[in-house]
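One structure below.
The values are calculated or read from the model by the stated rules, or taken from the named source; none is laboratory data. Please read these numbers as outputs of a predicted model, since none were measured by experiment. A quick note on method: Cβ atoms are made from the backbone with ideal geometry, for glycine too, and the neighbour counts reach across all protein chains shown.
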Amino acid sequence: MKRIIYGYLIGLLAFVPLSQADIVDWEADDDGDGAIVCDCAFDDVSYELEVDGVQYWWPGHVEGWFETDTETDPIVWFRNTVTNDMTVEPYLWTDFHITMTMNKTFSILDAFTSNDGWTHSYTPTATYDSGLGLWVGTVDYVMESGGVPIDEMEDGQFDFKVSWLGSMTFCMEYIPTPEPCTLALLGLGGLFFRRLRR
């Protein structure tokens, strides 16, 4: 008899939709320091925040908030299309690192990049940083051997999916990494100019 009741309950649960918070309001924008300049749009059907930015130097920051109707968890794809416009110190991107901070705990559920020959890794569960008073998670995108770096005025795609409980504020920090040859050339250039000054 117990097996019949358990089977009935499990069958019933299979047809009960899982409750997810609705996002009723949102805001997102760059922080205004000029490191990254972006346009943001939120699709309230697919629950995707589209960040279309041009990065001039690092670190770049995109800040915002989501307001939900309940304290259950919304799931949002953060879709980041970032153009490399390093006019101050031009170089190729071979890594791109995003640090997500929130005022409440969150999970990173998935990540994606369409960059040719790049892979990604992420911290599934955010950790609390008592110094910041915030929860922190990271997503790292790395060019593998034989991959294609992101050259000046080319786009990189850096997406990840996040779940949290209720309304929250967030900040995404973008830090690209230059390819080693470019770093070496920048270092040599610095030594050359230093020698000229003497």
| task | From GLY137, GLY117, GLY133, grab the single residue that is touching a Ser or Thr at 6+ places or on another chain (Cβ under 6 Å), modelled with pLDDT of 95 or more and small (Gly, Ala, Ser). | result | GLY137
| note | All-but-one check, THR169 against (1) surrounded by fewer than 17 Cβ atoms within 10 Å (Cβ to Cβ); (2) within 13 Å of the chain's Cα centre (by Cα), failing number (2)
| request: Could you list, in sequence order, all residues of the range 59-93 that are among the aliphatic types (A, V, I, L, M) and touching a strand residue (DSSP E or B) at 6+ places or on another chain (Cβ under 8 Å)? | output: VAL62, ILE75, VAL76, VAL82, MET86, LEU92
| task | Any residue in the range 75-91 that's modelled with pLDDT under 85: show its pairings with residues that are among the aliphatic types (A, V, I, L, M) at Cβ separation under 7 Å, as long as the two are six or more apart or on different chains. | result | GLU89/LEU186
| said: Suppose we filter the range 87-116 for residues that are among the aliphatic types (A, V, I, L, M) and within 18 Å of MET143 (Cα to Cα); how many remain? | reply: 3
| said: Looking at the range 145-166, can you tell me whether even one residue there is touching a residue at least 60 places away in the same chain (Cβ under 8 Å) and polar (S, T, N, Q)? | reply: yes
| If you take the residues of the range 77-98 that are crowded, with 21+ Cβ neighbours inside 10 Å and within 13 Å of the chain's Cα centre (by Cα), which of them is nearest to MET168 (Cα to Cα)? | PHE78
| task | Counting only residues that are of a type in the set (Gly, Ala, Ser), give me the strands (runs of 3 or more DSSP E) lying completely in the range 109-152 with at least 1 of them. | result | 118-122, 134-143
